[in-house]
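The values are calculated or read from the model by the stated rules, or taken from the named source; none is laboratory data. These numbers come from a predicted model, not from an experiment. Positions of Cβ are backbone-derived with ideal geometry, glycine not excepted, and every protein chain shown enters the neighbour counts.
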Amino acid sequence: MLNAALKVVDLHGKETVGTLWPVFDDFMGKSSKSAHYDAVKQAVVILMGSLARHLDKDDPRIKPIVLRLIQALSTPSQTVFLMEF
């Protein structure tokens, strides 16, 4: 699902930023602090970062997106990714 959503943002982010941004921002503001939602919150943060690529560099929404991305880096997640070397 995340890959499909990233593709949609990649292809249509420029024309849908005004629609998608409020949905993502609202979810992040109202989502539960429960670890149960970690994977969903992680996906939304990734989508917000992807959507930010379509904003002008002067857009005031860039700063909150970057702050959320930085905040997400410091938040422990229940999701574990295994990598093979």
Pairs where the first residue, in the stretch 19-32, is in contact (Cβ under 8 Å) with a residue 24 or more places away in the chain and the second is in a loop (DSSP other than H, G, I, E, B), C-beta under 9 Å, 6+ apart: Trp21/Leu55; Trp21/Arg61; Asp25/Arg61
Quickly run through the stretch 11-34 and pick out the residues that are more than 20 Å from Pro60 (Cβ to Cβ) and surrounded by 13 or more Cβ atoms within 10 Å (Cβ to Cβ). His12, Ser31
Conditions first: (1) of a type outside the set (Gly, Ala, Ser); (2) under 12 Å from the mean Cα position of the chain (by Cα); (3) surrounded by fewer than 13 Cβ atoms within 10 Å (Cβ to Cβ); (4) modelled with pLDDT of 80 or more. Lys63 passes all but one, so which condition is the exception? (2)
Does the stretch 72-85 contain any residue that is modelled with pLDDT under 80 and surrounded by 15 or more Cβ atoms within 10 Å (Cβ to Cβ)? yes
